[in-house]
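Please read the structure below before turning to the comments.
The values are calculated or read from the model by the stated rules, or taken from the named source; none is laboratory data. Because the structure is a prediction, the values reported are computed rather than measured. We place every Cβ from the backbone using ideal geometry, glycine too, and count neighbours over all the protein chains shown. Accessible surface is based on the protein model in full, side chains and every heavy atom, while ligands, DNA and RNA are left aside. Shrake-Rupley method; radii C 1.70, N 1.55, O 1.52, S 1.80 Å.
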Amino acid sequence: MSALDEKLAPPLINPQISMGDVTADISRPTERKPSKLWLAMLAFSGGALLLGVYVVYNLLRTGLGIAGWNHPVMWGVFITNFVFWIGIGHAGTLISAILFLLRQRWRTSINRSAEAMTIFAVICAGLFPVLHVGRAWLAYWLIPYPNQRLLWVNFRSPLVWDVFAVSTYFTISLLFWFQGLIPDFATLRDQAKTKLRKKIYGILSLGWTGSVRDWNHYEKTYLLFAGLATPLVLSVHSIVSFDFAVSLLPGWHSTIFPPYFVAGAIFSGFAMVVTLTIPLRKFFKLEEYITVNHLELMNKIILVTSMMVGYAYLVEFFIAWYSENPFERFTYWNRATGPYAPLFWMMFLCNVVIPHLFWFKKFRRNIPVMFLVAILVNLGMWLERFVIIVTSLHRDFLPSAWAQYTPTKFDYGITLGSFGLFFTLFLLFARFFPTISLAEVKSVLVNPSGKKKGGA
Amino acid sequence: MAKFTPPLWVGFFEDPQSLLESARQARDKGFAGLDAFTPYPVHGLEKALGLKHSWVPYSTLIFGLGGASLGYLFMYWVSVVDWPLNVGGKPFNSWPAFVPIIFECGVLLGGLATFVSLLVATNLPRWKPFVIDPQLTNNRFALVIPEKQETVREDIERFLRGAGAIEVKKIVA
């Protein structure tokens, strides 16, 4: 590598690192006994998960009345959580598929954990509509199959589109993720020191050996999955936004919703990736692989998508004014000054104002700052969905029907529970799976054999 | 993975460039049935060994289009033939409202077919894989040359050593 090359494309990973180091460093967390810190975190998130299980038990026994819904606000925290978690998942697919198609090789260090995040987030998301239908044990009625009721689902409804979009998204993300894991499981199998590990990782690796004849098909398949997942991820959040945009409610009925939701999804998802990778790289000593450069690149994406989201907020207000529609105008005026105004301004602060810190290189590369910003963005994006849903509903067309919506302890409990589920799954993943793609990181090393250059 | 019939000669390399170079030379020399093992995909190696393009994309295309068509046909049958229902005054065959599900069906079937095609093309899963060396998924590369009757054994060994292999091994069974 000449000096000019190095200046134009600096190595992504420390040139001292060899392939053997990659295998050793990344598989180490899966080989040793779990640390006390990991166990403590697992206990904590497992506790939150148990709380969620308790809420679900109550919800199924007693009914939806224990949550805060009441006329006219019949969508509340559950749908907020659904949209929030689906949005979180989108950054994983963006990193794994879109950055792959764009040949952004820095993705190799973060794509595995981001894809895992996608899958766990979609699991959390899927929970909420199923519970929200009321009789969760009949949720399978959403699937069109020949039945004794002789009825079909309404294919013109965005809620049915959701069923297809979310289940396809989950399936494709899972296959894509698993495909990436196959060669790495083979590495773990071949390095395994105990019989049991060899057996388990051997089964998971499907007997991969690394023959070039297999890589030939493998790489093509990977490209195809990236090509399929790219339009898929855009379609999924567009369809989620159709849940709102296709209705006739002021504040929801808007053509800007699909791009606005997709940008918001990528924004919140990247914030979640930053939130997860900072502790991951620290506790599992992966700072050489997920470097500050990687984090800085993600912060740049957060900044860009923050401006897209901010633009959408402002355009919505402009169009409400420009439309001369009194209902639209009232809805937006009420959103910014009504009873939920503090939440709206909090959201505005977190999503539109604070990310502008990332214009400064010093902040983009400062880990405590970016961790704080990422947490605030997560909070802001959760509030965004809450504000969109609740402020559009709570002022009905008929003032006598107006009401306030206050989430109950069960709403908060299940929200915490979904975070518990998410972090429990992520902690288990971080402990048992290679959290960074071994094969892909090896392909971006400057000097894979680790031997000194020069001489013969 | 090619069907191996031992005896085989395996030459180990430490970096992808020397593997690539020796794979080219081996093919020029006329050795047949070559295979190579690498811890990560090495670009150009499939060309150096003269492998054909993967057929997986054709499967994706056919099943993707098939899934989309089946999705549309099913919704048409439900909405027009089996139980025509007036929803908001829309026509029975209100195809624009079917587009999201048509798309999702195409992606779902295309993606499933892609994965199954990968398994078929690579003959996975293999419950008892033929692992030549555990370092081949870690930090070593290997070129495998089957010993055919017409080639002299010293030839292969000499070739692999000459090509810069750090270790040459013969696998008998």
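Here are the numbers for this structure:
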item	result
Verdict on A:Ala121 being small (Gly, Ala, Ser) and buried (at least 20 other Cβ atoms within 10 Å of the Cβ)	yes
Qualifying positions in the range A:395-434 - open to solvent by 60 Å² or more (accessible area, probe 1.4 Å) and outside any loop (DSSP other than H, G, I, E, B)	A:Pro399, A:Ser400, A:Lys409, A:Tyr412, A:Leu416, A:Phe423, A:Leu428, A:Phe432
Checking A:Trp85 against (1) open to solvent by less than 50 Å² (accessible area, probe 1.4 Å); (2) within 14 Å of chain B (Cβ to nearest Cβ), the condition it does not meet	(2)
Matching residues in the range B:21-60 - criterion: being within 13 Å of the chain's Cα centre (by Cα) and either among the polar types (S, T, N, Q) or away from chain A (no Cβ under 11 Å) (or both)	B:Ser54, B:Ser59
Condition check for B:Gly66: of a type outside the set (Phe, Trp, Tyr) and farther than 21 Å from A:Leu232 by Cα	no
Hits in the range B:76-132 (condition: among the β-branched types (Val, Ile, Thr), open to solvent by less than 40 Å² (accessible area, probe 1.4 Å) and facing chain A (nearest Cβ under 7 Å))	B:Val78, B:Val87, B:Ile101, B:Val107, B:Thr114, B:Thr122
Number of the exception - A:Ser437 against (1) among the hydroxyl-bearing types (Ser, Thr, Tyr); (2) open to solvent by less than 20 Å² (accessible area, probe 1.4 Å); (3) within 28 Å of A:Gly338 (Cα to Cα)	(3)
Index of the failed condition, A:Ala165 passing every other in (1) more than 7 Å from chain B (Cβ to nearest Cβ); (2) surrounded by 20 or more Cβ atoms within 10 Å (Cβ to Cβ)	(1)
All positions within the range A:168-195 that are facing chain B (nearest Cβ under 9 Å), touching a residue at least 12 places away in the same chain (Cβ under 8 Å) and within 30 Å of B:Ile132 (Cα to Cα)	A:Leu175, A:Phe176, A:Gln179, A:Ile182, A:Pro183, A:Asp184, A:Ala186, A:Thr187, A:Leu188, A:Arg189, A:Gln191
Elements of type helices (runs of 4 or more DSSP H) contained in the range A:314-384, each with 1 or more residues being β-branched (Val, Ile, Thr) and open to solvent by 60 Å² or more (accessible area, probe 1.4 Å)	A:326-337
Pair list, Cβ < 9 Å and 6+ apart or interchain, from the range A:211-234 residues that are free of Cβ contacts under 8 Å to residues at least 12 places away in the same chain and within 7 Å of chain B (Cβ to nearest Cβ) to residues that are outside any helix (DSSP H, G or I) and of a type in the set (Val, Ile, Thr)	A:Ser211/B:Thr38; A:Ser211/B:Val144; A:Val212/B:Thr38; A:Val212/B:Val42; A:Trp215/B:Thr38; A:Trp215/B:Val42
Tally of residues being in a loop (DSSP other than H, G, I, E, B) and surrounded by fewer than 24 Cβ atoms within 10 Å (Cβ to Cβ) across the range A:204-246	4
